[in-house]
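Okay, structure first, notes after.
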Amino acid sequence: MRVALGCDHRGLVLKQAVMRLLGEMGHEFKDYGCFDTVSVDYPDIAVQVGRAVVSGLADYGVLVCSSGIGMSIAANKVKGVRAALCGDMLSARRARLHNDANVLCLGQDIIGEGLAMEVVKTFLSTSFEGGRHARRLSKVQEIEGSFLDTA
């Protein structure tokens with residue numbers, strides 16, 4: 001499995017823990033930054049990870065910021081990304097089972113490292129269920145493809 005990783009300056013510590021976990025699990029990963037605690041703009045990182053996933057360079061993405069909210073919002077602006085902010089195993093499992101989420105977002109200030117590692121494992125090990133969820137996902141994709149600027 002190939003995973004694209006990214007964080008802003010407020011998610012660096014947790015992203016580094018995710019990198020260690022991915023290595024232990026035998027997964028390939030590419031780190032799109034940031035690489036230190038100097039302030040950066042999270043949308044710049046989110047778009048790189050989102051594009052890596054949508055283009056097929058990565059199977060999944062993991063993004064970390066202080067709350068996970070900003071990364072989730074920014075990543076979901078990339079057409080084809082289905083980013084889910086998850087703080088527990090149930091939401092990570094459902095994000096994959098029901099929504100075929102392809103990017104996991106985590107909040108370093110919200111979730112402890114131990115729980116975050118379990119969330120990552122759950123997200124990466126759960127497959128999309130399909131069935132009625134595929135129909136619903138298709139409707140979401142129609143919305144994404146038909147958005148018109150009404151301004």
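Using the average count of surrounding beta-carbon atoms within 10 Å as a protection proxy, the listed peptides 105-112, 87-94 rank, highest first, as 105-112, 87-94.
Pop out the Kirkwood hydrodynamic radius of the stretch 82-126 from its pairwise C-alpha distances, inverse of mean 1/r, in Å to one decimal.
About 10.0 Å, per the Kirkwood formula over Cα pairs.
Computed from the C-alpha gyration tensor, the three semi-axes of the ellipsoid equivalent to the stretch 15-93 are 17, 16, 15 Å, from longest to shortest. Rounded to whole numbers, the Karplus 3J(HN,Hα) couplings from phi for the stretch 75-82 are 4, 5, 7, 7, 4, x, 7, 10 Hz, using 6.51 cos²θ - 1.76 cosθ + 1.60 with θ = phi - 60°, and x at Gly and Pro. Model label points for Lys139 and Lys121, set 7 angstrom from Cα along the Cα-to-Cβ axis, are 3.5 nm apart.
Jot down the per residue volume, in cubic angstrom and as a whole number, of the convex hull over the alpha-carbon atoms of the stretch 1-50.
56
Candidate cross-link partners of Lys139 among the lysines, defined by an alpha-carbon separation under 16 Å and a same-chain spacing of 8 or more, comprise Lys79.
Between (1) 47, 31, 22; (2) 39, 36, 27; (3) 108, 30, 20, which matches Cα extents along the principal axes in Å calculated for the structure shown? After the calculation, the listed value that fits is (2). Within the listed set Leu85, Leu12, Leu21, the residue fluctuating most in the Gaussian network model of the chain (springs between alpha-carbon atoms under 10 angstrom) is Leu21. Protection proxy ranking of 34-45, 56-67, 72-83, by the mean of other Cβ atoms within 10 Å over each peptide's residues and highest first, is 56-67, 72-83, 34-45.
Quick note: the coordinates plus some simple rules give every number you see, no bench work behind them. Here the structure is a predicted model, which is why all the values come from computation and not from measurement. All Cβ positions, glycine included, derive from the backbone under ideal geometry; neighbour counts span all protein chains shown.
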